[in-house]
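The values are calculated or read from the model by the stated rules, or taken from the named source; none is laboratory data. Quantities reported herein were computed from a predicted structural model and do not represent experimental measurements. A quick note on method: Cβ atoms are made from the backbone with ideal geometry, for glycine too, and the neighbour counts reach across all protein chains shown.
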Amino acid sequence: MADLDFYIDIDNITKKFSDIKDELEKELKQSAENLASMTHAKTMELATENLGSLSKLYKDNLEFSNPMDNFWVVTLKEPALWVEEGRKSGFMQELLDGKSAKMGKNGKYAVIPFRHNKNPSEQSEQARNLANEIKSFLRKKNINWRKIETDSEGSPRIGKLHSFDIDSPRLKEKHKTPATYGVSVYQRRDVAGNVQKDVVTFRVISEKHRGEGLWIHPGRAGDKLMDKALDWAMDQWDREVLPAILNKYENNE
């Protein structure tokens, strides 16, 4: 995890205001809490503005907490750290080490699901092109992309509903199995009991793929949004928040 760290020395600020120290200290603490909340919101704003299809992943893993008095934390959890810090190009070991990893007779492997009917804003250009190809095929089969399918009694169908291998010469293949093979349509109930529709493919990553040039991430620079948010917070405190508070109390002395 990564945390934003911004220390405010309230004792040092209030020492020359001995007569009104308690009142000033209370206002400083409230202002620090407000700024911490604003910094969390600023980080979310930066994610929306800068991350495109990675925005949801980043924001879903960004937390704001108050673990103890006068201590507020903006935390980015591990699944999105690679967006913040960047990653080197190379084999995607993190997938092989994920929760779905298992040991087989030829070593470790993991089954990786790819959900294609996400919102377009959550997809890369390549993922959107693939989704559009699958969506076009399903439309020809009279299968709705999102609408829940029901049985003869009008109840939602649950489980695996359809499965297809789709030939698509327009998509450049980077894996042994074409990206449009093994497309399945499922319906399931989520934790709230609502029925969700998923259009997915499953692919296997294994130890042997490392030497075959498969599952290679091209690498990316880190976006450093938490650093940018921290710089923004420090500037807000130094230029606006603290001067306004001190000016208020200095004029009242």
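Applying the criterion of being within 15 Å of the chain's Cα centre (by Cα) and of a type in the set (Asp, Glu) to the residues of segment 73-106, the residue that is modelled with the lowest pLDDT is GLU78. Filtered by the rule that a residue be touching a Leu at 6+ places or on another chain (Cβ under 9 Å) and more than 29 Å from PHE137 (Cβ to Cβ), segment 95-126 gives ALA101, LYS108.
Residues of segment 173-200 that are modelled with pLDDT under 95, closer than 17 Å to PHE137 by Cα and of a type outside the set (A, V, I, L, M): PRO178, THR180, TYR181, GLY182. Contact annotation: residue pairs with Cβ atoms under 6 Å, 6 or more positions apart or on different chains, pairing a residue in segment 206-229 that is over 12 Å from VAL83 (Cβ atoms) with a partner that is of a type in the set (Lys, Arg) and modelled with pLDDT of 95 or more, are ALA229/LYS42. Against the list (1) under 21 Å from the mean Cα position of the chain (by Cα); (2) more than 26 Å from ASP97 (Cα to Cα); (3) not hydrophobic (A, V, I, L, M, F, W, C), the condition ASN247 fails is (1).
Checking each residue in segment 187-215 for being on the phi < 0 side of the Ramachandran plot and either outside the structural domain of GLN123 (by TED's automatic domain parsing) or assigned to a loop (DSSP other than H, G, I, E, B) (or both) picks out ASP190, VAL191, ALA192, ASN194, LEU214.
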